[in-house]
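No value in this document is a laboratory result; all are computed from the given coordinates. A quick note: this is a predicted structure, and the numbers were derived from the prediction, not measured. Cβ sites come from the backbone with ideal geometry, for glycine too, and all protein chains shown count toward neighbours.
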Amino acid sequence: MLLIGLMAEHLAMFDAWYFAMIPALSQDSTALTNYSHIDLHSHSNISDGLLTPAELVQHAATHGLKVLALTDHDDVAGLDEARQAAASHGLQLINGVEISVTWRRRTLHIVGLGIDPEYPPLVEGLRQIRAGRRTRAEGMAASLQKAGIEGSLEGAYRYARKGIISRTHFARFLIEQGYASEMRKVFKRYLVKGKPGYFEHHWASLEDALGWIVNSGGTAVIAHPGRYDLGRPSMLELMEEFRALGGKAIEVVTGSHTEAQYQEFARLAKLFGLQASQGSDYHGQGLSYMEMGRLPPLPAGCVPVWQDWPALAAEQGQR
Ligand code: AMP
Ligand code: MN
Ligand code: MN
Ligand code: MN
């Protein structure tokens with residue numbers, strides 16, 4: 001008890017220091033109105049979403065979006081189809097990708113926006129990550145088998161394209177088999193560290209992922225920073241390192257952040273001179289934290305990641 005009390009006191013002190021150090025946001029700078037028509041993070045069934053790229057774009061258009069980035073995990077194969085659909089819906093499509101990275105033995109997701117999907121090092125890097133996913137899936141299936149769950153590899157692949165197998169596909173198999181009633185519950189009992197179905201995997205390095213994105217002409221963004229179990233000192237070091245490697249922005253408003261996290265990451269962005277991004281991280285009905293077209297505004301004081309993009313500057317002017 002004493003130890004826990006001391007630790008809590010220590011954490012409270014760290015919190016006080018942390019919030020004293022990150023500047024408060026002034027209310028008058030870049031007062032942003034509503035940009036809920038811009039969504040810079042979404043998934044199709046090329047990775048672990050439910051909708052085809054064309055269906056996803058149609059869904060975005062029906063939900064009032066004007067600008068959409070398709071950011072499938074480790075794959076850019078949906079962009080052509082999405083672009084054609086976008087043209088017929090009068091929607092602007094941003095070429096995106098969400099790259100799986102290992103940093104200090106933890107998995108992080110780095111979103112690339114405005115990338116060149118044909119840039120050879122990016123294409124080859126993503127191909128290698130996808131190959132790694134196959135081996136990892138075998139490890140996950142073996143772990144589930146040890147817990148008495150048979151047939152998960154085939155079961156998960158029934159939900160996946162050949163290219164990408166992910167924990168989402170295993171989760172869908174586990175729900176189908178009655179091991180859990182919904183996504184959130186699957187990820188409490190399975191597929192995470194210490195639980196059946198977890199298999200440690202080594203993804204791309206932060207440096208490589210940033211190199212592929214930045215050298216292909218794209219903007220690198222830390223996806224949903226509030227989801228990483230990093231601890232605050234490491235979070236600050238991550239921001240520092242990310243910026244030093246050419247990273248530009250962090251997701252401030254995203255489907256899986258709380259309102260308190262919008263504020264926290266808006267302040268961190270300001271502290272590190274990073275821009276702010278926003279995206280629903282939509283995966284389809286039942287797989288998403290947030291429906292499309294429902295993004296709240298970025299907190300005042302944020303510099304939006306699209307501020308230097310000529311095509312979107314016009315969008316800003318219209319509001
Ligand atoms: P993977 O890249 O194979 O590790 O799969 C990660 C994906 O699993 C994420 O992109 C989410 O789509 C999904 N996921 C992870 N954790 C959760 C959760 N707690 N609830 C719902 N989906 C989750
Ligand atoms: Mn996903
Ligand atoms: Mn992610
Ligand atoms: Mn995502």
Next item on the list: Would you check which residues across the range 190-232 are more than 16 Å from ligand 1 (Cβ to nearest atom), within 29 Å of ALA260 (Cα to Cα) and without any contact (Cβ under 8 Å) to a residue 60 or more places away in the chain and list them?
Entry: GLY231
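For (1) farther than 21 Å from THR71 by Cα; (2) surrounded by 21 or more Cβ atoms within 10 Å (Cβ to Cβ), each residue gets a yes or a no:
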{"site": "ALA223", "(1), (2)": "no, yes"}
{"site": "ALA244", "(1), (2)": "yes, no"}
{"site": "GLU264", "(1), (2)": "yes, yes"}
{"site": "PHE272", "(1), (2)": "yes, no"}
{"site": "ALA276", "(1), (2)": "no, yes"}
Margin query: Please count how many residues of the range 253-286 are touching a residue at least 60 places away in the same chain (Cβ under 8 Å), over 16 Å from HIS109 (Cβ atoms) and within 16 Å of ligand 1 (Cβ to nearest atom).
Written below: 3
Note to self: Among the residues in the range 128-147, are any within 16 Å of ligand 2 (Cβ to nearest atom), surrounded by fewer than 21 Cβ atoms within 10 Å (Cβ to Cβ) and assigned to a loop (DSSP other than H, G, I, E, B)?
What the structure shows: no
Notebook entry, point to check: Going by the structure shown, is TRP212 surrounded by 18 or more Cβ atoms within 10 Å (Cβ to Cβ) and over 30 Å from ALA142 (Cα atoms)?
Noted result: yes
Next item on the list: Hey, can you tell me all the residues within the range 87-106 that are more than 12 Å from ligand 4 (Cβ to nearest atom) and within 16 Å of the chain's Cα centre (by Cα)?
Entry: ILE94, ASN95, VAL101, THR102, TRP103, ARG106
Next item on the list: Mind listing whichever residues of the range 77-114 are surrounded by fewer than 23 Cβ atoms within 10 Å (Cβ to Cβ), outside any helix (DSSP H, G or I) and away from ligand 2 (no atom under 16 Å from the Cβ)?
Entry: GLY90, LEU91, GLN92, LEU93, ASN95, THR102, TRP103, ARG104, ARG105, ARG106, GLY114
